[in-house]
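In what follows, a single structure is set out as structure tokens and then discussed.
The values are calculated or read from the model by the stated rules, or taken from the named source; none is laboratory data. Quick caveat: nothing in here was measured; it's all calculated off a predicted structure. Backbone-built Cβ (ideal geometry, glycine too); neighbour counts: all protein chains shown.
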Amino acid sequence: MTLRPGSLTFLIIAMAAFGTPGLPYAQAGPKPVNVYIDSVMAADTNEGTDPRLAPMGQKLRGLFGFSTYSLIGHNEGQTSCGKMIAFTLPGGKILHVQPRAIDGDMIAMEIVLFDGTHPMMTTDLKLKNNGTLIVGGPRYEQGMMIISIGASTGATPPMQAQATPAEVNTR
């Protein structure tokens, strides 16, 4: 097959106008946001740190100063900008997370923590991609519940608790 000087130009214009057979158009749809929630019970009962919390144990001890940290819940979900996702937490708490926008490596989001139907906390923030926000409270008799909120736009989760103790690497 021989191409005449104008036939290549015609082929490029035709491909631009009608697409290429068998090749779908690349669609830049909403980027998924993975949300990771860990619920931690902190107390002064001298029982140490749950091995599943090894990736963030030192940070918890530095921020809160309790002697015991236990992972009491782990939730994961996927949503996209503008779509709220709800997580049921221990103690009748509900956490709503709604990513608002992705700007470079920052994820803007709104977070609302409920006690049943009563909102306890509402905040808008920007979290670095693969970053983690640690929220202390509410307080209980012997300590407090700590909520770790992580978000990522890729497959790599932020520093969160490990699913099983077998996955913890000790050094």
Test: residue in segment 22-40 that is over 28 Å from residue 109 (Cβ atoms) and either modelled with pLDDT of 95 or more or not in a loop (DSSP other than H, G, I, E, B) (or both): no
Matching residues, segment 38-60, being more than 16 Å from residue 142 (Cα to Cα) and either of a type in the set (D, E, K, R) or without any contact (Cβ under 8 Å) to a residue 40 or more places away in the chain (or both): 38, 50, 52, 57, 58, 59
Test: residue in segment 49-60 that is at pLDDT 95 or above and surrounded by fewer than 18 Cβ atoms within 10 Å (Cβ to Cβ): yes
Segments classed as strands (runs of 3 or more DSSP E), wholly inside segment 53-131, with at least 3 members that are farther than 17 Å from residue 151 by Cα and over 18 Å from the mean Cα position of the chain (by Cα): 68-80, 118-128
Subset tally (residues that are touching a residue at least 12 places away in the same chain (Cβ under 8 Å) and in contact with a Leu (Cβ under 8 Å, 6 or more places away or on another chain)) for segment 76-87: 1
Residue list for segment 109-153, filter: more than 25 Å from residue 65 (Cα to Cα) and of a type in the set (Phe, Trp, Tyr): 114
